[in-house]
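A quick write-up on the structure given underneath.
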Amino acid sequence: MNASSSQLNSNPLQIARQLAAQFATTAAERDKQGGNPKHERDLIRQSGLLGLSIPQQYGGQGADWKTVFQTIQTIAQVDSSLAHVYGFHHLLIATVQLFAQAEQYAPWFEQTAKENLFWGNTLNPLDRRTTAEQISESEYIFHGDKSFCSGSMDSDVLLCSGYNDAGKLLIGVIPSTRDGVSFLGDWNNMGQRQTDSGTSHFEQVKIQHHELLLNPGPLSTPYSSLRPLIAQLIFVHIFLGVAEGAFETARQTVQSQKAWSKSLAEDAVHDPFTQKHFAEFYVQLEGVRLLAHKAVETLQQAWNIGEDLSAEQRGEVSIAIATAKIAATNSSLFITQNIFQVMGARATTAKLNLDRFWRNVRTQTLHDPIDYKYQEVGEWLLTGKVSDPSFYS
């Protein structure tokens, strides 16, 4: 599959649907295998979608956030692992825009758009095991391990971080093939099994001063602190996409089934209890869709304001996204668990591997505790205060 830039500009969602159709044919088996989905990541490279969020002046498509999130959601309907690493690629592109200036990131973006480079994540600021030592005016050494490095394997560019002696977080952009960088391939969790979210190791890795994101740096302004909110909204669309995929799988299954023997209906589609379950699934999905749409609109408005974004305006975005995150978490867990109630015992066969929908959202929804999203929204409702920016809210 190969999409020209003109094709992508006209219909990126169609490209995402084509990718999803290909991924769907192997998703169940690849989930069992785990490991790195090299072939599928190359299909994403060839599609041109990696340049979707890069501004047009650097050779990208300059798509709005609505379009970017829709492509993530579409892929998540069939494969949430690939949606995760693809979504994080765009998060890292946004991170560089928020934490640095155009004169610094322009060559990275131009090369990414031209060569379809895949960005990987070794940022994880909560893992402080990687140190950043300055050895000269222009050079640093990063050394240590980083956990939860989604998409790091088979990446072309890495966003990495380390703490210096003063406890300051330094974030850099380097080629994934930089000497001293290695990936342990130790991700073996119950869900999101092809995100390569294991450990990365930095063995005396040289980082040049011009590769560090220092101006304005992380979370230093309301605008730069949009970064964690974009990450949370990526999760919202992954959860929504998985729930939609599970819903559609259940609907197609039930449409060809006979009703339970005690039912007065002949076919499952006419059974009143089955109809009730599907109505409940649908109402929950529609609620998440509306909340996600509102959250995307508030983020886009804030993104358009840019450096003039106020703390109050940033707070409005955080509440909209936290609200959508709560709904997406609860609905995706509910739907992916309860599709078996309408599909019956045959749906539990290992060959179909339909429990992957639940395992994937159960794993990814633990990225950060949902209780703190409730607290954030509740505090705002009762006091009008919004939470201070952090790397996760």
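Read-outs throughout are calculated quantities, based only on the coordinates presented, and are distinct from any laboratory measurement. Because the structure is a prediction, the values reported are computed rather than measured. In this analysis, Cβ positions are derived from the backbone assuming ideal geometry, glycine residues included, and neighbour counts consider all displayed protein chains.
Using the Cα gyration tensor of the stretch 5-117, with a ≥ b ≥ c the square roots of its eigenvalues, what is the shape: rounded (a/c below 1.5), prolate (a/b larger than b/c) or oblate (neither)?
Cα axes put the stretch 5-117 in the prolate bin.
Could you tell me the calculated FRET efficiency between Asp179 and Tyr374, based on Cβ-Cβ distance and R0 = 35 angstrom, to the nearest 0.05?
Between Asp179 and Tyr374 the formula returns 0.15.
Within the chain, what is the longest stretch that has no trypsin sites (Lys or Arg not before Pro) placed in a DSSP loop and near at most 14 other beta-carbon atoms within 10 Å?
1-127
I want the local charge near Phe340. Using Cβ-Cβ distances under 14 Å, sum +1 for each Lys or Arg and -1 for each Asp or Glu among the other residues. Intermediate results must be reported in sequence, preceding the final value.
On the way: positive: Arg251, Arg346, Arg356, Arg359; negative: Asp355.
So the surrounding residues net to +3.
Efficiency by 1/(1 + (r/R0)^6): what FRET value for Gln134 and Ser390, r their Cβ-Cβ distance, R0 = 25 Å, to the nearest 0.05?
On the way: r = 26 Å, r/R0 = 1.03.
Calculated value: 0.45.
For the stretch 224-383, build the convex hull from the C-alpha positions and give me its volume per residue in Å³.
Roughly 119 Å³ of hull volume per residue.
Mind pulling up the Rg/Rh value for the stretch 196-262? Radius of gyration and Kirkwood radius, both on Cα.
With Rg and the Kirkwood Rh in hand, the quotient comes to 1.32.
Helix 65-76 sits at what angle to the longest principal axis of the chain, using alpha carbons and giving 0 to 90 degrees rounded to 10?
Between the helix axis and the principal axis of the chain, the angle is about 60 degrees.
Say each of Glu312 and Lys206 gets a label point 7 Å from the Cα, pointing the same way as Cα to Cβ; how far apart are those two points in nm?
Taking the simple label geometry, Glu312 and Lys206 are separated by 5.1 nm.
Using a 7 Å offset from the Cα along the Cα-to-Cβ direction at both Arg17 and Leu214, what is the distance between the two label points in nm, to one decimal?
The two pseudo-label positions are separated by 4.9 nm.
Return the whole-Å distance between the Cα centroid of the stretch 74-138 and the Cα centroid of the stretch 257-308.
Each part's Cα centre sits 32 Å from the other's.
Where is the GNM fluctuation largest for the chain (alpha-carbon springs, 10 angstrom cutoff): Ala21, Ala350, Ala324?
Evaluated over the chain, the most mobile residue of the options is Ala350.
Using alpha carbons only, how many degrees (0 to 90, rounded to 10) separate the axis of helix 80-99 from the longest principal axis of the chain?
Here the helix axis deviates by roughly 30 degrees.
Would you mind telling me which residue in Thr363, Thr112, Thr95 has the biggest mean-square fluctuation in a Gaussian network model of the chain, where springs connect alpha carbons within a distance under 10 angstrom?
It is Thr363.
Given q = 0.12, 0.13, 0.18, 0.20 Å⁻¹, what are the Debye log10 I(q)/I(0) values for the stretch 122-211, with equal point scatterers placed on the Cα positions and solvent ignored?
-0.33, -0.38, -0.71, -0.86
Report the full-extension gain for the segment His39 to Ser147: residue separation times 0.36 nm, less the Cα-Cα distance, to one decimal in nm.
Length difference between fully extended and current span is 36.5 nm.
Please identify every one of the GluC sites (Glu not before Pro) in the stretch 67-140 that sits in a loop by DSSP and has no more than 16 other beta carbons within 10 Å of its own beta carbon.
Filter output for the stretch 67-140: Glu137.
Just add up the charged neighbours of Gly217: K/R +1, D/E -1, any other residue whose Cβ is under 15 Å from the Cβ of Gly217.
Details: positive: Lys168, Arg227; negative: Glu211, Glu307.
Computed value for this residue: 0.
Quick one: helix 311-343 against the long Cα principal axis of the chain, what's the angle to the nearest 10°, folded into 0 to 90?
Orientation of helix 311-343: about 40 degrees from the principal axis.
What is the local net charge at Thr25, summed over the other residues whose Cβ is closer than 11 Å to its Cβ (Lys, Arg +1; Asp, Glu -1)?
With Lys, Arg at +1 and Asp, Glu at -1, the neighbours total -2.
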